[in-house]
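So the structure is just underneath, and the comments pick up after that.
The values are calculated or read from the model by the stated rules, or taken from the named source; none is laboratory data. The shown structure was predicted, so the numbers you read here are calculated from the model rather than taken from an experiment. Cβ placement follows ideal geometry from the backbone for every residue including glycine, while neighbour counts extend to all protein chains displayed. Just so you know, the surface numbers come from the protein's heavy atoms only, side chains and all, with ligands and any DNA or RNA stripped out. Shrake-Rupley method; radii C 1.70, N 1.55, O 1.52, S 1.80 Å.
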Amino acid sequence: MTVTNKQYNERGQKLADLLKKRIVFLDGAMGTMIQKYKLEEVDFRKGHFEDHKKDLKGNNDLLSITRPDVIKAIHKQYLEAGSDIIETNTFSGTKIAQADYSLESAVKAINVESAKIAKEVAIEFMKENPGREVFVAGAMGPTNRTASISPDVNNPDFRAVTYDELVENYYEQAKDLLEGGADILLPETTFDTLNVKAALFAISKLQDEVDYKIPVMISVTITDNSGRTLSGQTVEAFFNSVNHSKPLSVGINCALGAEEMRPYMAELAKVANCYTSCYPNAGLPNPLSETGYDEKPEDTGKFLRDFAEEGFVNMVGGCCGTTPDHIKAVVEAVKDVKPREISKKPLGTYLSGLEPMNLIPSQGKPFLMVGERTNVMGSAAFAKLIKNNDYNAALEVAAQQVASGANVIDVNFDEGMIDGVAAMTRFLRLVASEPDISKVPIMIDSSKWEVLEAGLKCVQGKAIVNSISLKEGEEKFLEQAKLVQRYGAAVVVMAFDETGQAVEKQHKVDICVRAYKLLTEKLNFDPADIIFDPNILTVATGIDEHNDYAVNFFEAVREIKQKCPGALTSGGVSNVSFSFRGNNVVREAMHSAFLYHAIEAGLDMGIVNAGMLEVYEEVNKDLMTKIEDVLLNRRPDATELLVEYAETVK
């Protein structure tokens, strides 16, 4: 089960070495160059698809099979213009994309042949130009479907594609591109982060099958001057969502010209702890222009030189409307500028919804409130809404939690009368259509792995999984943790082991330390993505053995933070006050007092009703004294005295 840190193979290492020395140059637009050949229907059928029943003109990926001479010539022109990296002609090389032409059966040939052509051109070029190292990037387009958005405005939870379908398509494409000789895999022109997360999941699966580290470059497209993707994420939120894949680079391409891209490249350069790339369109679209774009080569060169001088980029090239002349101008303009220095990201936990949520200790990280009212186990009212199929009202509950200050929302459907997988899928798809809710990260909460996994397939941001544990042993624990890692989420680890739930402080600490070592040593799990829940248990039950439950939690949190550096702690706060169900005055005051002491001990987040928390200093002093007597177990009659007091304010 141990995951070794694989090294790049020879080609990958040479690219990594080149990036340390200078800015690296990508190629320009394949489609723009193909247009110049004025090809007809016969060119897209030649020798292979003469009898196909659908029109094929415009399906450019087919030209790698029917007109390889054209594709070779274009690759060669870009290399001669100064490109270090050429992209395979595979932007639509998935069964999903080729379904429009009923050519799913041609996908393997498209990818393998496209990669072979590019590799052949690259090898020939290096023979003719000793000292030049050039590379082939396997282009993986976004497909023509989106996993985060419904194509039907009247049915917001409908999706035209599933996460599993995307993973299957991307896995086949990535495998075929490597088979054909691609040096790099490049999921690009990403308009929906959930789509690219599926691509990264597929590449991670493939990574297990090869004996070297696959260099992965990721490129997103910002669709307009809102600075967001089509699916609504900001640049930083996007980066938080994909950084788990440890990419060689993350960049921005397409949609906008360089001038309009500038603020978003500046933002990416600031937050990215990897190389950055930029390959813009040749300005904004102009249908009357010969290439569809007006920007001249010298303009693109001027803008990208500015990016380079400002320290925004490590790689530059061109997208729609750019030609070898554009790339030549970019190379001339940028070649003497030093590459961007990679940002050193402060240690911390980086989550996201549509917007980023960062917990950085060196910057005074905030305590995170996780809204609990979208949990059927904690809210009978929410459970009733789900059972009655009233998802619109259920969404209002989520919106209210965010409006009341919840930094994250906890979503749970563990109830015998509810189909957890179906409910989690539907609710999170609906949440995705509500920016006021989906702007915050999601805590996907369930005791059932299949429900957790269903949730992970719906969330484009970096989510939190709540929870996994050691109760079924180390093998199962590591298997689930590796999948959480592959989905790109942080994880709550409950203080359970093979003997059951930890109650005593030392048992809580021992389980968390054991889990920490397993995750960090076996899976190279980022400690900041590990969140321990040492079990908040109910006090004031009248049972003497329960009197130290709160104290045990505080002390366990303090020691876990010392022994598991970088990890966070969390807990379901309402558990502590179950003895006073129905008495909100006491419960709210108890939650306030508990959090005061837990945060002092090092608690990082708590699952609470964000709209019903008393301010610690404003709680009635007599009530607070009695509550703290219970929580801190300061006197043997503490429970009796609090129960008596509770009767007076019921």
Can you give the net charge of the other residues whose Cβ lies under 14 Å from the Cβ of D629, counting K and R as +1 and D and E as -1? -2
Go through the range 532-545 residue by residue and turn each phi into a ³J(HN,Hα) via Karplus (6.51, -1.76, 1.60, θ = phi - 60°); whole Hz please, and just put x for glycine and proline. 8, 10, x, 6, 7, 10, 6, 10, 6, 8, x, 9, 4, 4
Here the range 472-488 yields Karplus 3J(HN,Hα) values (6.51, -1.76, 1.60; θ = phi - 60°; whole Hz; Gly and Pro given as x) of 9, x, 5, 4, 5, 4, 5, 4, 5, 5, 5, 5, 4, 4, 5, 6, x
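Got a number for carbon plus sulfur as a percent of the range 160-226's accessible area, 1.4 Å probe?
That fraction is 45 percent.
Send over the Kirkwood Rh of the range 491-650, from the inverse of the averaged 1/r over different Cα pairs, rounded to one decimal Å. Could the numbers behind the result be given before it?
On the way: mean 1/r = 0.0620 Å⁻¹.
In the range 491-650 this quantity evaluates to 16.1 Å.
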Could you compute the FRET efficiency for N155 and W449, with r as their C-beta to C-beta distance and R0 at 30 Å, rounded to 0.05? 0.55
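Given R₀ = 41 Å, what would the calculated FRET efficiency be for K387 paired with D544, taking r from the Cβ atoms and rounding to 0.05? Please report the intermediate quantities before stating the final value.
Numbers: r = 39 Å, r/R0 = 0.95.
For R0 = 41 Å, the calculated efficiency reads 0.60.
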Among 548-557, 25-34, 83-92, how do they line up by average Cβ neighbours within 10 Å per residue, starting with the highest? 83-92, 25-34, 548-557
Once amide H atoms are placed 1.01 Å from N in the peptide plane, what residues at a sequence separation of 5 or more from G572, or on another chain, have their amide H within under 5 Å of its amide H? I536, I607
Taking 0.36 nm per intervening residue step and subtracting the Cα-Cα distance, what contour gain separates K46 from N584 on full extension? 186.1 nm
Over all alpha-carbon pairs in the range 232-383, figure out the percentage whose distance exceeds 29 Å. 33 percent
If packing is taken as the mean number of other Cβ atoms within 10 Å per residue, what is the order of 399-405, 642-648, highest first? 399-405, 642-648
At 0.36 nm per residue, minus the direct Cα-Cα distance, what do K53 and A16 gain on full extension? Give it in nm, one decimal, please. 8.8 nm
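Using only alpha-carbon positions, what ratio does the radius of gyration of the range 1-150 give when scaled by 2.2 N^0.38 Å?
1.17
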Excluding residues on the same chain fewer than 8 positions from K505, give the lysines whose Cα lies under 23 Å from its Cα. K471, K517, K561, K563
Can you tell me the FRET efficiency between E309 and E479 if r is taken as the Cβ-Cβ distance and R0 is 35 Å, rounded to the nearest 0.05? 0.15
Taking placed amide H atoms and a strict 5 Å upper bound, the residues 5 or more places from S446 or on another chain that come that close are N466, S467
Give the relative contact order (percent, whole number) for the chain; include only Cα pairs under 8 Å separated by 6+ residues. 11 percent
Between their Cα atoms, which of K213/K365; K197/K344; K365/K482; K127/K522 are more than 32 Å away from each other? K213/K365; K127/K522
Lysines near K626 by alpha-carbon distance under 16 Å, same-chain residues fewer than 8 away left out - which ones? K650
Expressed in angstrom and rounded, the centroid-to-centroid distance over alpha carbons for the range 228-297 and the range 169-188 is 22 Å
Modelled label-to-label distance, R635 and K296, 7 Å Cα→beta-carbon offset: nm? 8.7 nm
Quickly rank 454-462, 347-355 as a protection proxy: mean count of other C-beta atoms within 10 Å, highest first. 454-462, 347-355
Could you compute the net charge surrounding V619? Neighbours are other residues with a C-beta less than 13 Å from the C-beta of V619; K and R count +1, D and E count -1. -3
Run the numbers for D208 and A399: contour at 0.36 nm per residue of separation, minus the present Cα-Cα distance, in nm. 64.7 nm
Hey, of (i) 214; (ii) 264; (iii) 156, which did the structure itself give for volume of the Cα convex hull per residue in Å³ when calculated? (iii)
A correct Karplus calculation of ³J(HN,Hα) over the range 22-36, with 6.51 cos²θ - 1.76 cosθ + 1.60, θ = phi - 60°, whole Hz and x for Gly and Pro, returns 7, 5, 9, 10, 8, 8, x, 6, 6, x, 4, 6, 4, 4, 5
For D84, the residues 5 or more places away or on another chain with a placed amide H closer than 5 Å to its own amide H are F25, L26
For the range 112-172, what does the relative contact order come out to in percent, with C-alpha contacts under 8 Å and a separation of six or more? 21 percent
Pair K563, Y616: separation of 7 Å Cα→Cβ label points (nm): 2.5 nm
Inter-part distance where the range 373-423 and the range 79-148 are each reduced to a Cα centre, Å: 45 Å
